[in-house]
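Read the structure below first, then the notes.
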Amino acid sequence: MRVLQIVKYFDFGGAENYVSELSNTLDILGNNVFVIAGSGRQTKQLNKSVKYTRLKMYDILFPIHIIQLIYYITQHKIQVIHAHQRFPIFIAAIAGRITNIPVVATVHGRSRYDLRSKLARNYISKIIYVSQSIKNTSVIFPEIQHKIIFIPNGTFIKPINLENKIKPQICYISRLDQSHFNVIHAMINEVLPKLILNFPDISFNIIGEGKFLQPVIEDSIRINIRLNKEICIVSGYQSNISDIVQNSLLVMGVGRVAIEALACGTSVLSVNDKRQGTFIITENYAFYKENNFVAVEQNAPDPEKLFSLLTNFLNNISYYRKETACVQNLIDHDFNIMKTTAEIQELYKKCI
């Protein structure tokens, strides 16, 4: 098949990582894969045989972008379009309608945002949800109920060795925006100073970039000076986080970050700016799997509760390591990227 993936941003983030890995896996499965996206470091992660075209997208220029997309679809004889993020979904839906090419959309965030255009909702052939709970909220748009399907994020599974020596390191991986900065700020200034009293070797590694990278760096410098040791590390953007994650004790995150960490055999604490959950173990795996590893219906992070959770984890590392090894097997069964990509490929065929 000749498949076009279109996404607005292509740097660091759940949707961008998803598009990059999906494109590469579709390519491995023998498809001709095309990617239209803004510039970003994900371009370096694409297989050489995946054809990338840079397009900086602006909402105000949507008529021009639709014309550009129609020309591209015709020129490259595209058979199916897969759109990600609100604006690409909108322009792809219209271009697909005009060219009579089916359009699949993946909702990475909220239905109310990604699918807020009625034209998009009407013209899209199929809609993929990576979270069952967000899929369930799609009832606000009754016209799409017959189009929706749940296919979770896929990722590559890494071998795990329980005998590996790992660093006493906690990682927080995300785009560094205002919301995530609030959580990181609380971790650095309220949780770490107490945690280090009982666990002096622990460190906190922040991976990612964004508008709040500099404030995070400044927080990090202050805490390191205050404690007279490098407890806080800001790694910024990392093109390949697997080695860092696999050699760490714990990753704090949700969604794709959580899936990738568990695939590496690293323990995960489900937490983001809006929801604070707990550690992913076999007992709660089914719940978190259905909700894209987000602690739905839970409250926002609380420094005291975070401190208590992390203290419990650090006092019971052996237990959580063994639990995570079991969870990794479940991740391999449910989220192996070859399996999820094969499901998406079958969906494309049905649309065509």
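Where a number appears in this text, it was derived from the coordinates with a stated rule and is not lab data. Predicted model, so just to flag it, every value in this text is computed and none were measured. For neighbour counting, all protein chains shown are included, and Cβ atoms are generated from backbone atoms with ideal geometry for every residue, glycine included.
Quick notes
- Only residues that are in contact with a Gly (Cβ under 6 Å, 6 or more places away or on another chain), within 25 Å of Asp243 (Cα to Cα) and either surrounded by fewer than 23 Cβ atoms within 10 Å (Cβ to Cβ) or free of Cβ contacts under 8 Å to residues at least 12 places away in the same chain (or both) were counted across the range 261-299, and they come to 0.
- Of all residues making up the range 190-206, the number that are touching a helix residue (DSSP H, G or I) at 6+ places or on another chain (Cβ under 8 Å) and without any contact (Cβ under 8 Å) to a residue 60 or more places away in the chain: 6
- If the condition is being part of a loop (DSSP other than H, G, I, E, B) and more than 17 Å from the chain's Cα centre (by Cα), then the range 246-264 contributes only Asn247.
- Set Asp243, Asp302: member being within 19 Å of the chain's Cα centre (by Cα), surrounded by fewer than 18 Cβ atoms within 10 Å (Cβ to Cβ) and more than 19 Å from Arg110 (Cα to Cα): Asp243
- Among the residues of the range 36-93, those identified as in contact with a strand residue (DSSP E or B) (Cβ under 7 Å, 6 or more places away or on another chain) and of a type in the set (S, T, N, Q) are Ser39, Thr43, Thr53, Gln79, Gln85.
- Where a residue in the range 26-41 is outside any loop (DSSP other than H, G, I, E, B) and its partner, wherever it lies, is surrounded by fewer than 17 Cβ atoms within 10 Å (Cβ to Cβ) and among the acidic types (Asp, Glu), with Cβ under 6 Å and at least six apart: none
- For the range 200-230, the tally of residues that are more than 30 Å from Glu16 (Cα to Cα) and surrounded by 18 or more Cβ atoms within 10 Å (Cβ to Cβ) stands at 2.
- Subset of the range 225-237 (residues that are under 15 Å from Ala186 (Cα atoms) and in contact with an Asp or Glu (Cβ under 7 Å, 6 or more places away or on another chain)): none
- Arg2, sole failed condition from (1) surrounded by fewer than 21 Cβ atoms within 10 Å (Cβ to Cβ); (2) out of contact with any strand residue (DSSP E or B) (no Cβ under 7 Å at 6 or more places or on another chain): (2)
- Within the range 87-110, the only residue that satisfies the criterion of being basic (Lys, Arg) and either in contact (Cβ under 8 Å) with a residue 40 or more places away in the chain or not in a helix (DSSP H, G or I) (or both) is Arg110.
- All of (1) part of a helix (DSSP H, G or I); (2) surrounded by fewer than 19 Cβ atoms within 10 Å (Cβ to Cβ) hold for Ile233 with one exception: (1).
- Positions within the range 111-128 being touching a residue at least 60 places away in the same chain (Cβ under 8 Å) and in contact with a Leu (Cβ under 7 Å, 6 or more places away or on another chain), in sequence order: Lys126
- For the residues Lys305, Lys289, Lys274, the requirement of being assigned to a helix (DSSP H, G or I) and more than 15 Å from Ile331 (Cβ to Cβ) singles out Lys305.
- Test: residue in the range 29-38 that is within 16 Å of the chain's Cα centre (by Cα), surrounded by 17 or more Cβ atoms within 10 Å (Cβ to Cβ) and more than 17 Å from Arg175 (Cα to Cα): no
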